[in-house]
1. Go through segment A:102-115 residue by residue and turn each phi into a ³J(HN,Hα) via Karplus (6.51, -1.76, 1.60, θ = phi - 60°); whole Hz please, and just put x for glycine and proline.
2. Considering Cα pairs under 8 angstrom that are at least six residues apart, work out the relative contact order of segment B:231-366 and quote it in whole percent.
3. What is the angle, in °, between the Cα long axis of helix A:62-72 and the longest principal axis of the Cα atoms in chain A? Nearest 10 is fine, range 0 to 90.
4. If you wrap a convex hull around the Cα atoms of chain A, how much volume per residue is inside, in Å³?
5. Within chain B, which complete DSSP H helices have Cα atoms spanning at least 27 Å along the helix axis and a mean Kyte-Doolittle hydropathy of 0.0 or higher?
6. Expressed as a whole number of Å, what is the distance separating the alpha-carbon centroids of segment B:198-235 and segment B:14-56?
7. Counting other Cβ atoms within 10 Å, keep those with at most 10, restrict to DSSP loop, and tell me which GluC sites (Glu not before Pro) in segment B:253-308 are left.
8. When the label point is put 7 Å from the Cα of A:Ala124 along its Cα-to-beta-carbon vector, which residues of segment A:152-191 have a backbone N closer than 15 Å?
Amino acid sequence: MQWLWDQPLSWMNAAWFTLGALCVLGIVIFFVTYAIYFERKIIGWMQFRKGPNRVGPFGLLQTVADVAKLLLKEDTIPAKADKALFIMAPALAFIPSFAALAIIPYGMNLQFADVNVGFLYYVALSGVTTIAIVTAGWASNNKYALLGGMRSAAQMISYEVPLVISVVGVAMMTGSLNLREIVLAQEGYFWNWNFLPQIIGFVVFLVSALAELNRTPFDLPEAESELVAGYHTEYSGFRFAFFMLAEYVYLYAIACLTTILFLGGWNPPLPQLAFIPGIVWFILKFLAVVFFVFWVRATFPRLRVDQLMGLAWKALLPLAMLNIFITAAGIHWFGWGG
Amino acid sequence: MIRTEELLLNVGPQHPSTHGVLRVVVKLDGEIITHVEPVIGYLHRGTEKLAESLNYTQIIPYTDRMDYLSAMTNNYVLCYAVEKMMGIEVPERAEFLRLIVMELQRIASHLVWWGTYLLDIGALSPFLFAFNDRERILQLFNELCGARLTYNYMRVGGVKWDAPEGWIDKVKAFVKDMKSRLDEYHNLVSGNEIFLARVKGIGAYDAETAIQYGLSGANLRCTGVKWDLRKNEPYCIYDRFDFDIPVGQNGDCYDRYYVRTEEIRQSLRILEQALEQFPPEGETMGKVPRAIRPPAGEVYVRIESPRGEIGCYIVSKGKAEPYRLKFRRPSFVNLQILPKLLVGESMTNLVTILGGIDIVLGEVDC
Amino acid sequence: MSEEQKQNGAGPAEGETKAEAAPEGAKAQVPPAKTEGAPQSGEAPQAPPQPAEAPQQPAAPQPGVEPKQTSGAAPQPAAETQTAAGASQPAAQQPAAAEKRPLTDEEKEARRQAALAARAAKLAAQGGAAAGAAAGAAAGGRAAARGAAAAGGEGSEEPPKPSPNQPKLDRAVQLLKELVAEDAVEEASLNPFNDDMPTLVIRGEHWPKAAETLRDHPEFGFRYLRNVAGVDHETHMEVVYHLLNMDSGDTYCVKVRTNRDNPSVPSVVSVWKTADWQEREIYDLLGIAFPGHPDLRRIMLPDDWVGHPLRKDYVPLDPEV
């Protein structure tokens, strides 16, 4: 898509942009549909049950049916809710999650926008979703929703810090925050990928990412056993669907980012395997990350709020800092990175 | 100055973690609980009042519905009380059947607890594993008495149905499988750091407090008090079998978890012995008068249900119906300690502690 | 009651019964009472129904005499079976499982059978005494209690005691009289249906002090309150407490009576915290007030409910239900 950026903005180009965005939207919605399906299937297998298998062949249309149900549902707004905010919150949650996808390079030339500060762009936009969640919790006029919203704000702000700092090591080794350049810097064998020299950063990133995604074991904002459904307790129908969508789009984004930052993006593990297109490698790595997230969900219990905060500030943040020093030392003495 | 307001939160009666229609009114300062008041009675059906106009056999189905996760022990305590008053001898085979179903029931009940407790803590899978295994027990009960939850299996003087052909072998197979499954459970959960961080040191109390509050079952044993009615005041034929009473030390949620999981193991031990010694033939009903009319007087019997000491106090005036029937329900008594444990804890620990007490609302409200 | 205490009921022959009844237990599953040769025991099965039909006068010496005979009879069948044991190996008639079991299990089995024998014999023997006690409790007469107490006194003169709990009961009454008040104990009896559980009826005004004594006095040590039940006896109301000493395993039953028009029993929440909700439940369902309770409100029924359902004169909202 890079050639579009180099041309002046015309109606034609704007139409191309829109078309590109719609394509991404289509891909993302397809992903979300089948991510939910696979999540249910995988967790089902892990729990000795079948998972969805009724709607369509092998239950493949289960999510479609679920979405259809959500869209056809009556749209309810609690009487005492703050209507404007209540309506705005789901959109506010979804839009940044989708916009953040613009910078993700799927292949050498398969990228929507090649931004120099790609990673920062992602972090900035994902921060907006926090506001949406707090807004939803507040506007619902429900105590559980409020507690969920507050928890979410605290959690996402806390975990953004180690998340960003864990990537600093990668940025130092590459000398850039541009995601495409980060991938290019990892060419070669799989031990050239960032996850080995940046193993601390990788672990911190994964843990923080799980927390950013509000997924088990960090799913406190919507801890169903304590807070019923957290910030979206009062939401139903397509508004709820938007929150759900935003959550899975972030899963998509984080899986992509992990692939790009630490797992070599579209690079094959061995240069000899380069005859397989890069996009295949990308998708495989991406799916491995997604599977990991589901796997964790089937395995772990949930942390407590104070433990969650403690983990972010007392464990992950120092580790991420340490990682920066180690990386700096590595670059200085051992000539890591470019 | 920042002024913070207390938040009054109604946890329940419809809430995923109150395990029924318990309502806990909590006052929160941030997420810290400052005041707790459990409100019960949403499931009060007046069992004790209903019993006064029913004869003893008719009351048995009502006991099923008290602690619906442990209907067999409830059945037993009523039959035991009447048998004690009337001096009825229960045949050997019936006693064995009773013991076997009660121990199976204990395992089933603890499995439900184990699964739901971990679900409360946020672990999804153990719930389904536990229900998978419990399902096998329910199938066994189904074969035995045609019901999966409310069995109505025991009668004064014995049991209603003899074990069908091959049933004992199926139980044996289950016991064998369950042993290895239990080890898997421990592998999956018991060493998990997150789980330990969530339950260790949470909701702790000492033995003195436990006794003061009249706690029983695992809630008492977690403090180190070695008190199990199966050993201390043996009933049925428990005194013939060899088993241990697992006890904790710190009286926290982890110890309660440990005690309950160990109790599954001990129940399996009892079952192994009981199945080995199960009499190949014999009566399943003792000699019972046509009309069950305990003589005038009163009796209090108590047995160890999965939740603690379930007692049955009968005042009889020599009629076919009890004059007064009172059940001492362990969940009801155990729940009293909740406010004491919760003040100063966070909302998250509310779920951990409440789940750790292991209540069944059908029994709390009776 | 533990098995040990049941065995104590067999009297001085306990040690012998334990050892010798083993083959007897192994021999047959029939109630041992029927195998006994003693004529007194032969009549025994008819004895228990008596109390329900015709309350006899409290025959004080009876329990002192009969148990002696029965306990004397207890070793008899054992002796018979001893000879039989040598001849026909009755243990072989046991279920096949017996072979696999270790010796300890056989012992356990034997002990159980011995206990059953003892219990059956005791029940039979106490038919008369039980009638007295039960009738006494029902009628609310104090004579019966005194009779029982006297029986205990006499029993202690003769070697076989009527019940191992009798001295406990006497001692309890004596202690409560000394430590609480002379008239603290209204009645004292043993509950024959409940393994001779000592049952005390305590006057309401002395109840808080008696409760503290029962909890704290080293000879009682009832730190655990098992159960609190309220009963509407139509003539009066009664609150029944079952106390437990976890060290000795003693269980006592304590009753406090109150009038029906304005029922009130002092609260013991300050003594046993567990009484809190149980008293609230009784207040809710029977309308007995517990002065001294920190938070006496309805617990099961809605706050605006009218009436107390467990009272015998309660008219349900919809009588057809």
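1. Here the 3J(HN,Hα) series is 4, 9, 7, x, 8, x, 3, 10, 10, 8, 7, 9, 8, 9 Hz.
2. 16
3. It works out to around 50 degrees.
4. 150
5. Counting only whole DSSP H runs, the qualifying helices are B:92-121, B:125-145.
6. Taking the Cα centre of segment B:198-235 as reference, the centre of segment B:14-56 is 22 Å away.
7. Here the GluC sites (Glu not before Pro) that fit, given the DSSP loop and packing criteria, are B:Glu281.
8. Inside the label zone: A:177-179.
Each value in this text was obtained by applying a stated rule to the coordinates, not by laboratory testing. Computed from a prediction, not measured in an experiment: that's the story for all the values here. Methodologically, a virtual Cβ is constructed for each residue, glycine included, from the backbone with ideal geometry; neighbour enumeration extends over all protein chains shown.
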